[in-house]
Amino acid sequence: MASSLQGAMSAGIIRSNPLGTSAPATPDQIANALAWPIVACLTVHALGQLSYPAPKAPRRYAELKVRRIRDFLPRKLAWTTAAIFGYAALAIAWIAVLPAYTAVPPTPPGQLPPEENGYMGQGQDGRIPGLELALWLGGTLLLLALGTWLVLLLIARRRQLETLDGDDNRTLRTIATNRLLRTVATIAAGLASIAGNFAAQPAPGATWQSSWFNVLGFINLAVLAAMWWWRVPELPSILKTPQATSAKTLRTDPLTHGAARLSISLGAVLGVIGGLALVAGVVAILVASRPLDPWAFPTVIAIAAAALLAAIAAGEVLMTRNYGQPEAQARWPRQPVSRGLLSFAIGSAAILAVAVAFAVAAEAQTPAPKTWPAVLLLSAVVAAAGAAAILAVRRRRGIPEREGEAGLDAALRAISLYRIVRTLAAYCLGQAAALLMITGDAWYSVFSGGGGEYPLAPSPAVTVGMVLAAIAVIVAVVPVRSLLGTIPRSDPAHLGERAQ
């Protein structure tokens, strides 16, 4: 994941401003930008196969059947990967006929730009001949396909693991093939996205545009999401073992306490509330305000977070009413929040503080309405809602525990605290993303090099904001699977006693 094609996304683009962000345009630059991700990907997968332990038993287990690549190749994934490779080849062939553009340098300080073209003062980017970039991308795609076949051959012919039976060994090869194909399919879509960015580059002139949209880049994101969620096979030996504790098993198990079922159901309710709040807020913004008010997006994020925190607090009140008793001892978890989650939440708050500082510096240079005061006010409201939710968890009445249910009350409190901290961390990242995307255009004004010339490349703040927004959405929906196993269940002998 660390080796990506992001550094080659602007391959073939000739920057007009040499002081700005650079793009690989010369043969050595393009080769370096394209080679390292491909080599890193294939090397990691090859090392994964070569590093399996050698047989140590006195007798080696061998299969008489010859292992072939197609025996371990997932059919649907293989055809999907082949289609993506074909799509990338078509995109590369498309740019092979595109002409080159000569970059127009920016107007030197003290001189006025030509009257017929206002963009001449900032400069206009050019590009190399399309055939030259197509040869590099086509060679990279062929190298990726050849390397994929070699790694597949290595997967098929590597030695067996003596501690696994035949079914597990075959499935293990299928798992390795699955991961390899998903990765190389994403890289192939990335090569097509590079071609799309090159093709979308406008020609310098009087009608030159400083921004454009890469359609193939959107397809690349769709391929990334599809490959991310593609199911990985499971070993037959794991499928034969008892299923791990999950929300579904706890909900359907008659031995699960009613309070635990309520807590599990609350997780599904939180997902619905968060989704509805975001959808309703975005629709209200698009319908009601043109142009968008600087308070709009921060308000939507704050409403969603406050609604989630209010639902968690309401769940604690409902749990107290249905299952809590004044005489039951309230048990606080030994470690209310894990160190990892707490550190992540603190880091998210620090990121929000940095984003606010950047917004203050950016918006100080313009008389337009400020966004950061709204974020500070809304953050205070969300922090108060989070404190109220934590107080509701802390003061909830204890739940009586029978034999076999020791630790139930503490486990349910830990789950609620996890949800609260998770929501606050996602809020901080989402609010930081909104600030960076709203004020990102002032990046080069805040961090100017002193020469007064600003490159036309997209602001890094906007890119960082998009990444933070994606992380915030992922964090907001991460379930509490790790804590479900801490929910105790009573013995079957006490099931009839509870029913009475």
Residue check, ALA314 against (1) touching a residue at least 40 places away in the same chain (Cβ under 8 Å); (2) aliphatic (A, V, I, L, M); (3) within 25 Å of GLY398 (Cα to Cα), all met but one. Which one?
(1)
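Residue by residue, here is whether (1) surrounded by 13 or more Cβ atoms within 10 Å (Cβ to Cβ); (2) modelled with pLDDT of 70 or more; (3) not in a helix (DSSP H, G or I) holds:
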site: ALA89; (1), (2), (3): yes, yes, no
site: TRP94; (1), (2), (3): yes, yes, no
site: PRO99; (1), (2), (3): no, yes, yes
site: THR107; (1), (2), (3): yes, no, yes
site: GLN111; (1), (2), (3): no, no, yes
site: GLU116; (1), (2), (3): no, no, yes
site: GLY139; (1), (2), (3): yes, yes, no
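Could you tell me which residue of segment 277-316 is modelled with the highest pLDDT, considering only residues that are in a helix (DSSP H, G or I) and exposed (fewer than 13 other Cβ atoms within 10 Å of the Cβ)? Break it down into steps so the answer makes sense when it comes.
We begin by selecting, within segment 277-316, every residue in a helix (DSSP H, G or I); these are 277-288, 296-316.
Add one more test, that the residue is exposed (fewer than 13 other Cβ atoms within 10 Å of the Cβ), and what stays is 279, 283, 286-288.
Details: VAL279: 74, VAL283: 67, LEU286: 59, VAL287: 59, ALA288: 53.
Once the filter is applied, the top-ranked residue is VAL279.
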Got a number for residues in segment 395-421 being assigned to a helix (DSSP H, G or I) and either open to solvent by less than 60 Å² (accessible area, probe 1.4 Å) or in contact with a helix residue (DSSP H, G or I) (Cβ under 8 Å, 6 or more places away or on another chain) (or both)?
14
Does ILE14 satisfy the condition of being touching an Asp or Glu at 6+ places or on another chain (Cβ under 7 Å), at pLDDT 80 or above and surrounded by 15 or more Cβ atoms within 10 Å (Cβ to Cβ)?
yes
Apart from one, (1) farther than 25 Å from VAL480 by Cβ; (2) touching a Lys or Arg at 6+ places or on another chain (Cβ under 8 Å) all hold for GLU316; the odd one out is (1)
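The values are calculated or read from the model by the stated rules, or taken from the named source; none is laboratory data. Being a predicted model, the structure only gives us computed values, none of them experimental. All Cβ positions, even for glycine, are placed from backbone atoms using ideal geometry, and neighbour counts span all protein chains on display. Only protein heavy atoms, including side chains, enter the accessible area calculation; ligands, DNA and RNA are left aside. Shrake-Rupley method; radii C 1.70, N 1.55, O 1.52, S 1.80 Å.
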